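The values are calculated or read from the model by the stated rules, or taken from the named source; none is laboratory data. Note that the structure is predicted; figures quoted are calculated from it, not measured. Quick reminder, even Gly has a Cβ in these numbers, built from the backbone with ideal geometry, and neighbours come from all protein chains shown. These area figures cover heavy atoms from the full protein model, side chains too; ligands, DNA and RNA do not enter into them. Shrake-Rupley method; radii C 1.70, N 1.55, O 1.52, S 1.80 Å.
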Amino acid sequence: MKEFDPGEAPSSIVSITDRVKPLPLGAAVGSVHFLGDRAFFVGAEESVAIATADGEITRTETHFGAILCAVSDGKRLVTGGDDGKLIAIDAKGETSVIATDAKRRWIDNVALHGDGTVAWSAGKTAFVRNPKGEEKTFEVPSTVGGLAFAPKGLRLAIAHYNGVTLWFPNMAANPEFLEWAGSHLAVSFSPDNKFLVTAMHEAAMHGWRLADNRHMRMSGYPGRVRSMSWSAGGKGLATSGADTVIVWPFTSKDGPMGKEPAMLAPMPARVAVVACHPKNDIMAVGYADGTVLMVRLEDGAEILVRRNAGTAVSALGWNAKGTLLAFGTEDGDAGIVEM
Amino acid sequence: MAEASQKIPVTVLTGYLGAGKTTLLNRILSENHGKKYAVIVNEFGEIGIDNDLIIGADEEVFEMNNGCVCCTVRGDLVRIMDGLMKRKGKFDAIIVETTGLADPAPVAQTFFVDEDVQKNARLDAVVTVADAKWLSDRLKDAPEAKNQIAFADVIVLNKTDLVSKAELAEVEARIRGINPYAKLHRTERCQVGISDVLERGAFDLDRILEIEPDFLEAGDGHDHDHDHHHGHDHDHHHQDHGHGLKHYHDEDMQSLSLRSDKPLDPTKFMPWLQNLVATEGQKILRSKGILAFTGDDDRYVFQGVHMMLEGDHQRKWKDGEKRESRVVFIGRELPEQAIRDGFEQCITT
């Protein structure tokens, strides 16, 4: 078990705010994903706004209602809505309906596998559909809080109340259950497939070392962890929920067990979103006061991308090459910046 | 507290099986009020109003991981509130309907415990629909029904056309034996004014102005306009009081009212209250208080659900206003004497 004690340290800062291409989207942003070099801003409801680095915006209507979840593998974007629909959007912005819930339940979570398999959940049921269109379902004891595919093999982690179920949709074997009291929401495998972590309803993270299911408690957060991101190569896990970015080390075989997390980029506002660069040891950080920073993981050096203004940053994303960064806010302001 | 008004009000609608919850809900939704509601229900199908958002819930009650057994929340509500907040501006208020056997506490506690929920929404009131014909029986054999009455801010005593005057007096007296503080409305087919059940502000600290028992207004079954002048109302019913209500004392659910003309010592009262809810919180369903502290010109108000408390300085005591402290607990098997003694110890001598 590890606890940290958030501190504070103000600093002067380099700014690239003048290089940001402003994108006045005018509607709350839920998340942002790059397909190629275009940023797909998933709205809180109804539509996806597609923007180029030049600031050109087009809009695609997707759901009739709130967009509750979104995931991208860089080739397509898949979103689930409160209209019971699971919708795919390709790099051209063309939409197609993958599935419609028979009872029109909310699609709460979605995950994509490298081979094109898609998983989603409605209530207590997790669905998996492979690229051939074969569908399988699995029921967990309580509402699914989060879904994630393991980086190797076809194995789906389903977070729910009191733990995580690891389901192998293509195998007859019984699913594995990792137990830990409490409500587990977002779930994520480390890129090396050795650890599984969840963000809990309480202001804490929980983790398991998959080799022996040893527990890792990561607590001390003043608020719920709503955003987490693995740094390049999976060396660290950057998390929101405190007034600094909390980065748990995952370099050793014990993961963060018995180690202190790094506390970077302290601000007088809560960290709302984190997105690590795909290749380098830097991350983008969005705060509840609207600030966006780029932060070097090694020493915490900061570059200002957006000054604090308006509402919380709600979305951050890098393109695969790591040359473009996009951000969006709860009040529909957004921007894109070329590195 | 100004921001409280921007938060979306949430009404919790409870009531034992068959009391008429769905009737009340349909009544609220179909009335021409120009408002849109997001309604969280357990069973689809019985409600069909196109204009509103209807969301199915699973009523999943979770224990919080803080070692406190009565700190339960509705996990599904946390998720639904997250989703609903993406549609902010599309509806004016939220109504949560619970199943007939549900305990209202986890629903209420969800709005105390979860930071994100609290940021966007505020609990407005717990409204309990009760069946005038069967409630007396249910209070004997269904602890859930008793919980719902004890927890209520507003009680809609429905199906009054199916009982005699004497039966009605009996069931009202039983309700008052458990919860003398809720607003009580006698109805047939849940015909009650919307303003009597929605936008009550029962959990709004700023509106904990009146924690007097509601006996005196209770007889006012045919007048749903509660904007009338209270002074008149009180006078009117005092005349009736001589041949009024029977007084019941429920065996296991009671309310306890404490009062002091002398100011309380905040260094004694606050630790006492916190300790009380920490040790007896499972038994205490609701608590409320208006407090006059020694050397403090502000009124202090608090309210609680089981072990969760919130309180704040409310406003200055007015000139000529009686600086009196009043505290109310509603709960099961309350250790009355211990609570009274504890309260006495907090009075500044």
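Summary of computed values
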| quantity | calculated |
| --- | --- |
| Residue match in the stretch B:285-297 (condition: open to solvent by less than 10 Å² (accessible area, probe 1.4 Å), within 20 Å of B:Pro271 (Cβ to Cβ) and over 21 Å from the mean Cα position of the chain (by Cα)) | yes |
| Check on B:Lys133, open to solvent by 10 Å² or more (accessible area, probe 1.4 Å), more than 14 Å from chain A (Cβ to nearest Cβ), assigned to a helix (DSSP H, G or I) and in contact with a Leu (Cβ under 9 Å, 6 or more places away or on another chain) | no |
| Residue count, the stretch A:82-103 (criterion: farther than 19 Å from A:Glu135 by Cα and either open to solvent by less than 40 Å² (accessible area, probe 1.4 Å) or in a strand (DSSP E or B) (or both)) | 6 |
| The listed residue being more than 11 Å from chain A (Cβ to nearest Cβ), in a helix (DSSP H, G or I) and aromatic (Phe, Trp, Tyr), out of B:Phe91, B:Phe112 | B:Phe112 |
| Residue that is most open to solvent (accessible area, probe 1.4 Å), among those in the stretch B:164-208 that are among the acidic types (Asp, Glu) and at pLDDT below 90 | B:Glu199 |
| Any pair with Cβ under 6 angstrom, 6 or more apart, that starts in the stretch B:74-87 at a residue that is buried (at least 21 other Cβ atoms within 10 Å of the Cβ) and ends at one that is among the hydroxyl-bearing types (Ser, Thr, Tyr) | B:Arg74/B:Thr110; B:Gly75/A:Ser183; B:Asp76/A:Thr143; B:Leu77/B:Thr110 |
| Verdict on A:Leu154 being in contact with a strand residue (DSSP E or B) (Cβ under 6 Å, 6 or more places away or on another chain) and touching a residue at least 12 places away in the same chain (Cβ under 8 Å) | no |
| Residue among B:Gln282, B:Gln345, B:Gln274 that is touching a His at 6+ places or on another chain (Cβ under 9 Å) and open to solvent by 90 Å² or more (accessible area, probe 1.4 Å) | B:Gln282 |
| Contacts under 8 angstrom Cβ, first residue in the stretch A:186-200 being in a loop (DSSP other than H, G, I, E, B), partner of a type in the set (A, V, I, L, M) and open to solvent by less than 10 Å² (accessible area, probe 1.4 Å), 6 or more apart | A:Ser190/A:Leu196; A:Ser190/A:Val197; A:Ser190/A:Leu237; A:Asn193/A:Ala150 |
| Search result, residues across the stretch A:118-137 that are in contact with a strand residue (DSSP E or B) (Cβ under 6 Å, 6 or more places away or on another chain) and over 22 Å from A:Asp82 (Cβ atoms) | A:Lys136 |
| Selected residue [touching a Pro at 6+ places or on another chain (Cβ under 7 Å), over 30 Å from B:Ala166 (Cα atoms) and without any contact (Cβ under 8 Å) to a residue 60 or more places away in the chain] from B:Thr348, B:Thr294 | B:Thr294 |
| Exclusive hit being more than 19 Å from the chain's Cα centre (by Cα), away from chain B (no Cβ under 11 Å), farther than 25 Å from A:Asn193 by Cβ and in contact (Cβ under 8 Å) with a residue 12 or more places away in the chain, set A:Thr125, A:Thr137 | A:Thr125 |
| Verdict on B:Arg176 being in contact (Cβ under 8 Å) with a residue 40 or more places away in the chain, farther than 30 Å from B:Glu63 by Cα, more than 14 Å from every other protein chain (Cβ to nearest Cβ) and in a helix (DSSP H, G or I) | yes |
| Residue under evaluation A:Val305, criteria (1) open to solvent by 10 Å² or more (accessible area, probe 1.4 Å); (2) touching a residue at least 60 places away in the same chain (Cβ under 8 Å); (3) not acidic (Asp, Glu), criterion not met | (1) |
| Top-ranked residue of the stretch A:173-189 - restricted to ones that are among the aliphatic types (A, V, I, L, M) and facing chain B (nearest Cβ under 10 Å), ranked as farthest from the chain's Cα centre (by Cα) | A:Ala181 |
| Single residue of the stretch A:41-82 satisfying the filter (within 26 Å of A:Val20 (Cα to Cα) and polar (S, T, N, Q)) that is farthest from the other protein chains (Cβ to nearest Cβ) | A:Thr52 |
| Answer from B:Asp103, B:Asp116 - the residue that is free of Cβ contacts under 8 Å to residues at least 40 places away in the same chain and within 22 Å of B:His306 (Cα to Cα) | B:Asp116 |
| Within the stretch A:189-221, tally of residues that are open to solvent by 50 Å² or more (accessible area, probe 1.4 Å), out of contact with any helix residue (DSSP H, G or I) (no Cβ under 9 Å at 6 or more places or on another chain) and of a type outside the set (Lys, Arg) | 4 |
